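Accompanying notes for the structure given below.
Since every read-out is calculated from the coordinates, none of them should be taken as a lab result. As the structure is a computational prediction, the values presented were derived from the model and not from experiment. All Cβ positions, glycine included, derive from the backbone under ideal geometry; neighbour counts span all protein chains shown.
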Ligand SMILES: [Zn+2]
């Protein structure tokens with residue numbers, strides 16, 4: 001965490017080299033590869049025992065870059081990795097240098113104990129995840145799939161594995177799906193002219209109204225299988241009332257109104273609602289260049305996220321309905337970037353192994369397959385045919401809110417919970433990939 005890998009500019013090189021040295025010291029041969037020498041990806045393979053090899057590779061993947069941190073808002077400096085109050089504090093503790101450490105220690109522990117493996121175990125630390133993954137997982141998948149074992153069967157990545165306390169129970173969501181992305185640009189044309197005259201056709205005025213409508217919009221429910229598995233998995237373990245309630249919550253007609261009553265806290269409600277529908281947030285607006293000239297056009301970039309099965313065209317249709325422009329006469333939408341949601345099956349032997357490993361280390365813990373609203377490197381890895389799960393095992397006390405720490409101030413992990421995570425991950429890998 002003491003390597004400042006804030007992206008941009010990333011500068012992951014020294015952190016990757018540090019890890020590479022640890023692997024070299026253990027007699028392994030890590031490889032650094034990438035499009036930019038200062039921003040390499042690190043890969044290190046622990047090969048299977050040739051006489052007992054019977055499975056495709058298992059990959060442990062993390063990213064070494066982090067999002068910016070404003071030191072003025074932190075209790076301890078974000079790049080000092082201060083140990084205090086039972087926690088290690090620093091940017092990346094949760095997202096995701098903590099997992100980089102767990103995964104590296106798991107590989108090194110197996111190496112030191114000389115445990116034979118039934119499949120190749122591959123450690124990967126990529127660059128550039130926080131800025132779109134172009135130099136990281138995307139580059140590896142497109143240029144060096146051999147470093148990922150060509151056809152890895154399972155990849156362990158973010159986001160999941162942490163404790164989620166609900167209704168007096170301890171859940172462990174494991175990511176099996178992530179929403180898609182539809183980044184859009186909405187442009188509105190007005191009539192340019194002298195702004196000393198009143199104008200009903202002011203592009204900025206119309207843009208303002210459109211942005212407000214989009215920001216407030218509650219788009220239709222699209223209940224996908226991963227969303228059903230996730231929310232149903234939690235409801236199943238809750239009280240009988242909640243169990244009855246959950247089908248209504250998932251229903252497109254009754255869901256929106258019921259959700260407001262079911263979950264009072266707006267932040268928690270938002271994270272549940274996000275998995276049930278497409279979302280669209282205006283984030284960057286542009287328009288006008290001079291105080292006494294009516295702008296001829298104005299535009300806003302919209303961060304759209306797609307429920308599984310949805311496309312950018314579907315989202316545009318929904319937004320046109322919100323704007324009262326179903327046929328597209330007034331508003332132009334341009335798709336800047338689109339990628340569909342990815343979902344992996346939760347009924348694999350490896351998912352069962354995760355469930356069993358958590359049970360061994362927390363007998364009361366409940367593993368549920370989860371869908372997350374953001375995107376991760378798993379989007380790229382899916383192209384190799386790998387099944388990707390978000391599992392960074394980490395036990396958190398009730399008062400540490402994972403969602404608030406993710407990209408948030410005072411990011412930190414409890415040392416006890418980290419140690420628990422190391423034992424759980426090592427046990428999982430040895431159980432599944434040990435010969
Ligand atoms: Zn991350």
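Per residue, the average separation of C-alpha pairs within less than 8 Å and at least 6 apart gives the range 163-222 a relative contact order of 18 percent. Suppose R0 equals 56 Å. What FRET efficiency, 1/(1 + (r/R0)^6) with r the Cβ-Cβ distance, do residue 260 and residue 36 give to the nearest 0.05? With a Förster radius of 56 Å, E is 0.75.
In terms of its alpha-carbon gyration tensor, the range 331-435 comes out oblate; a/c meets the 1.5 threshold, while b/c is at least as large as a/b. Taking each residue as 0.36 nm, the span from residue 144 to residue 112 lengthens on full extension beyond its C-alpha to C-alpha distance by 8.7 nm. Subtracting the Cα-Cα distance of residue 196 and residue 285 from 0.36 nm times their residue separation leaves 29.7 nm of extension gain. Here the range 102-168 was treated as a single set of alpha-carbon atoms; its pair distances binned every 10 Å from 0 give 16, 38, 31, 13, 2 percent.
With a ≥ b ≥ c taken as the square roots of the eigenvalues of the C-alpha gyration tensor of the range 183-339, please select rounded if a/c is under 1.5 and otherwise prolate if a/b is larger than b/c or oblate if it is not? Because a/c hits 1.5 or more and a/b exceeds b/c, the range 183-339 counts as prolate. For the chain, DSSP calls about 70 percent of its internal beta bridges antiparallel.
Between residue 166 and residue 356, take the C-beta separation as r, use R0 = 30 Å, and let me know the FRET efficiency to the nearest 0.05. Plugging the Cβ-Cβ distance into 1/(1 + (r/R0)^6) gives 0.90. Here the Gaussian network model covers the chain, with springs between Cα atoms less than 10 Å apart; of 104, 72, 341, 72 fluctuates the most. Shown for 406, 99: other C-beta atoms within 10 Å of each C-beta, ranked fewest to most, produce the order 406, 99. Look at 242, 45, 97 and count the other Cβ atoms within 10 Å of each Cβ; fewest to most, that gives 242, 45, 97. Taking the DSSP bridge list for the range 22-154 and keeping only pairs wholly inside it, about 60 percent are antiparallel.
The range 388-426 and the range 111-174 have Cα centres lying 16 Å from one another.
A helix-only calculation puts the chain at -10000 deg cm²/dmol for mean residue ellipticity at 222 nm, using -39500 (n - 2.57) for each DSSP H run of at least four residues, averaged over all residues. By the gyration tensor of its Cα atoms, with a ≥ b ≥ c the square roots of the eigenvalues, what is the shape of the range 81-222: rounded for a/c under 1.5, prolate for a/b over b/c, or oblate? Prolate shape, in that a/c is at least 1.5 and a/b is the bigger ratio. Here the calculated FRET efficiency for residue 322 and residue 236, from their Cβ-Cβ distance with R0 = 25 Å, stands at 0.15, rounded to the nearest 0.05. By the beta-carbon count within 10 Å of each Cβ, the least crowded to most crowded order of 187, 279, fewest first, is 187, 279.
A straight chain from residue 332 to residue 52 at 0.36 nm per residue would run longer than the Cα-Cα distance by 94.9 nm.
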